[in-house]
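Visitor: This is the structure I have questions about; it appears just below.
Here, each number is a calculation from the coordinates, and none is a lab measurement. Please read these numbers as outputs of a predicted model, since none were measured by experiment. Neighbour counts run over all protein chains shown; Cβ positions are idealised from the backbone, glycine included.
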Amino acid sequence: MPTHSLIVVAAGLALAGSTGCATRGYVTRTVDERTREVEQRVTQVERVAEDATLSTGRNAAYIREVDQTATNAHDQAASAQETAHAAATAARLAQMTANDARSVSDGLDAAAKRLLFEVTVAEDHGHFGFGDAALPDPVSARLDELVDRVRSLDAPAHLEIEGHADATGPAEYNARLALERAESVRRYLHEQHRLPLHKISVISYGEEKPIAPNDTVDGRAMNRRVVVRVLG
């Protein structure tokens, strides 16, 4: 081979070798840069994951705290409700006991009292006028006699005054009229004879307890009455 041909071939090989080295260096640098970028991104992802894990842990702790608070509040509410139920039950039992005691006391009082005598003031004697609750003189005279008898008793007495009416007119009106008549008697006994009010009880039966038919004049007159019972 001629000398100049060898020189050309050698130069070509040298050029090819230098080009190949440059290409490999570029590839290496590129790969290294990509690798660093990937590593940086992996590091960032790991940090984000770590932060997320920490946040999840904090959230879990907060949720547990909230759950515990809710549980405590529920327990306190249940305890308060049980206390309220117990108090209500105790109150009902106390009321029942009081009612039972009162019933026994009332029964003993009723058993201890006995009817000594009674006085009836009725319109058939010319006393109460129709629809009138005022006390005329004949009624006052009979009540004066009743007081004399009460004061002659050996022990204090209790007076029960019953007001009655006939069936003429509305039942509510008759009940009110009967009560006014009974109240007139009690007021007279207290104001004129100083009988203590706590020793006098008043009740109105209205037209509920007739002692005669209401379809006759005489019967209605008998039903318009006040009865004073003396108990001792």
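Visitor: Most exposed first by the Cβ proxy, i.e. fewest other Cβ within 10 Å, how do R194, R220 rank?
Guide: Ranked by crowding around the Cβ, least crowded first: R194, R220.
Visitor: What's the exposure ranking of H74, H193, going from fewest to most Cβ atoms within 10 Å?
Guide: H74, H193
Visitor: If neighbour count is taken as other Cβ atoms inside 10 Å, put T56, T168 in order from fewest to most.
Guide: By the 10 Å Cβ count, ascending, the order reads T56, T168.
Visitor: List the extent of the Cα atoms of the range 112-232 along each of their three principal axes, largest first, rounded to whole Å.
Guide: Reported extents, whole Å, longest axis first: 44, 31, 21.
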